[in-house]
1. Could you give the angle, 0 to 90 degrees to the nearest 10, between helix 140-153's Cα long axis and the longest principal axis of the Cα atoms of the chain?
2. What share of all Cα pairs of segment 87-155, in percent, falls into each consecutive 10 Å distance bin?
3. Between residue 21 and residue 52, what length comes free when the chain is fully extended (0.36 nm per residue of separation minus the Cα-Cα distance, one decimal in nm)?
4. Kindly identify segment 1-116 as rounded, prolate or oblate by the Cα gyration tensor criterion: order the square roots of the eigenvalues as a ≥ b ≥ c, call it rounded if a/c is under 1.5, otherwise compare a/b with b/c, prolate if a/b is larger, else oblate.
5. Quick one: of the DSSP bridges fully inside segment 127-221, what percent are antiparallel, nearest 5?
6. Cut-off 10 angstrom, C-alpha nodes, Gaussian network model of the chain. Which of 161, 100, 140 fluctuates the most?
7. Relative contact order for segment 87-155: what percent, with Cα pairs under 8 Å and sequence separation of 6 or more?
8. If you line up the Cα atoms of the chain on their principal axes, what length do they span on each, largest first, in Å?
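Taken together, the values in this text are just the output of simple stated rules run on the coordinates, not laboratory data. Bear in mind the structure is a predicted one, so any value in this text is a computation, not a measurement. All Cβ positions, even for glycine, are placed from backbone atoms using ideal geometry, and neighbour counts span all protein chains on display.
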Amino acid sequence: MPLLQLEHVSKKFGQVVVADDINFELEEGEAVGIVGPNGAGKTSLFGIISGDVRLYGGQIHFVGQALERMHPSVRCRSGIGRTYQVPRPFENMTVFENTLVGSQQGAVLRGRKSHEAAFSALERTGLSSLANRAAGSLTLMQRKRLELARALATQPRLLLLDEIAGGLTDLEVTELTGIIRSINAEGVTILWIEHVVRALLSTVDRLLCLASGALVADGEPRAVLASEAVRRVYLGDRILNEAMDS
Ligand SMILES: Nc1ncnc2c1ncn2[C@@H]1O[C@H](COP(=O)(O)OP(=O)(O)OP(=O)(O)O)[C@@H](O)[C@H]1O
Ligand SMILES: [Mg+2]
């Protein structure tokens, strides 16, 4: 049984099609990347899987269970964790307290178990020494790590990463990528949206490309990037950018 299965998944916001009959499956333990131009529907797809965005048509199964009617909190409890493109921690709470929200509200752990899960997530993301700092005082890199720690504290079986490497320096990207690879090596399935293709290529063994809500490629990363369908998508993007610059 696949870990995650999407069948004919569709979604529109008014006239904007963000998911156009999407079909794919993830096997447990895979690390899969998602690329696609701005506005392609990548974040919306994560919303559809995690439950923030209501499906318009189609079906999603997680470990064989239908997700459509399941509340986001129940999806999280059953093992779907995610990070957000723009980290928004509780600024006045400490790094530890922010992570505790993941283990207590997400994984529904209590007492010592919830504390252990939060500490373990901070350790894995290299944030232990900042545990008592207010989240509002963190740098972008530290916020990205906290985003990851909060998601890890929910004890995910499937981890959805939304541009976790965006805006970081090369060295920071390398550090973060190492952490993500080790999480995957421990058996957590990764689905990772990223514009920093170098980071993706060092981690994923499969790549999906979304354009205007449609899945235009799915396969071995380098073959996908070299494919005619993906080249066409990014050529269009470049022409658009040049047109906007002139
Ligand atoms: N809640 C919403 N209501 C209306 N339109 C929305 C909503 N969320 C997203 N959209 C629109 O849907 C389209 C896809 O947005 P989405 O954020 O999924 O794209 P993306 O692929 O993640 O882009 P980026 O690479 O810039 O993050 C965009 O045109 C966006 O403006
Ligand atoms: Mg996005």
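1. Its long axis makes an angle of about 80 degrees.
2. Answer for segment 87-155: a P(r) of 27, 59, 14, 0 percent.
3. Details: separation 31, 0.36 × 31 = 11.16 nm, distance 1.88 nm.
Gain in length upon complete extension: 9.3 nm.
4. Because a/c hits 1.5 or more and a/b exceeds b/c, segment 1-116 counts as prolate.
5. On the way: 5 of 10 bridges.
Of those bridges, close to 50 percent are antiparallel.
6. Fluctuation is largest for 140.
7. So the answer I get is 50 percent.
8. Computed over the Cα atoms, the extents are 52, 42, 34 Å.
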